[in-house]
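K.L.:
Have a look at this one.
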Amino acid sequence: MGTYFLLFGAGLGIGTVASMIGVGGGVFMVPLLALSGLVATTQEAVGTSIAGVIFTSLSSSIAYFRRRGINVGLGLAIMPGALGGALLGAWASGRITSGWLAVAFGGFLLYPAVVMLMGKQPKELFRRERDGGHPILATLVGFVAGFVSGLFGLGGGTVMVPALILTLGLDIRQAAATSLFVMIPSAALATSQHALAGNTHWELALPLIGGIVIGAQLGPALGGRLPRERLRQLFALVLLYAAVNMVLKGLGLR
């Protein structure tokens, strides 16, 4: 019982901090589950994490929809590619050894960690805008983001947001909102694939989800009272620690 309360508290913290610094909860949930020993393999950490991503994306999308921040038409055009990528990513996750998946995930964590050490969100590095976008390009963007979501248990936003800005000309806020909207079905599909493969621990996911949903509501209220740049830099150190430990774990050095 104590473990579930701890997971709820962890989810509360993850939801609160993630909503303040603009990153997906998967980058925190996967190391938490894998490094704590609550799951036996990285695949199980990914499969449990992606279940939480569904609710993070859903609650955020509801808030953005109320503010009319989502480009629904573009989102619907991107969804087929994202769904296909999520399906392939979940399939690939089950065919990569747990050790190498841990190494790959640790390496992937370095990107948001380094950006956040600069006091920025990953999406803030991309401010270049272009006019319009091709449907095939939109599908490709969705496919790559969906693959990352299924493989690593993330929402895919660290890939999709800058891609939407660089290739399809969306502004930062609309790109973030549309990305979250797109990742709802792809995260759900990835979760179903991981669950069928036996990688999802619902007894661990549910208390995490409960905390995340509440934390995601607290984050925006608290964000205005804290120095967000310093908060990102502090949390980047946590990400770097997790990345190094995931790599060491994958290489059998930990």
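K.L.:
Would you check which residues across the stretch 44-96 are in a loop (DSSP other than H, G, I, E, B), closer than 21 Å to ALA197 by Cα and among the aliphatic types (A, V, I, L, M) and list them?
P.N.:
ILE96
K.L.:
Out of GLY198, GLY210, report the one residue that is outside any helix (DSSP H, G or I) and either touching a strand residue (DSSP E or B) at 6+ places or on another chain (Cβ under 6 Å) or at pLDDT 90 or above (or both).
P.N.:
GLY198
K.L.:
If you go through the stretch 1-27 one residue at a time, how many are at pLDDT below 85 and under 12 Å from the mean Cα position of the chain (by Cα)?
P.N.:
Initial filter on the stretch 1-27 (at pLDDT below 85): 1-2, 15-27.
From the residues that got through so far, the ones that are under 12 Å from the mean Cα position of the chain (by Cα) too are 15, 18-19, 22-27.
Residues that pass the stated criteria total 9.
K.L.:
Okay, next question. Has the stretch 54-75 got at least one residue that is free of Cβ contacts under 8 Å to residues at least 24 places away in the same chain, among the small types (Gly, Ala, Ser) and either surrounded by 19 or more Cβ atoms within 10 Å (Cβ to Cβ) or farther than 22 Å from ALA216 by Cβ (or both)?
P.N.:
yes
K.L.:
When only residues in the stretch 33-44 that are surrounded by fewer than 24 Cβ atoms within 10 Å (Cβ to Cβ) and of a type in the set (A, V, I, L, M, F, W, C) count, which is modelled with the lowest pLDDT?
P.N.:
Across the stretch 33-44, the extreme among qualifying residues is LEU35.
The values are calculated or read from the model by the stated rules, or taken from the named source; none is laboratory data. Just so it is clear, the structure is predicted and the values come from calculations on it, not from any experiment. Cβ sites come from the backbone with ideal geometry, for glycine too, and all protein chains shown count toward neighbours.
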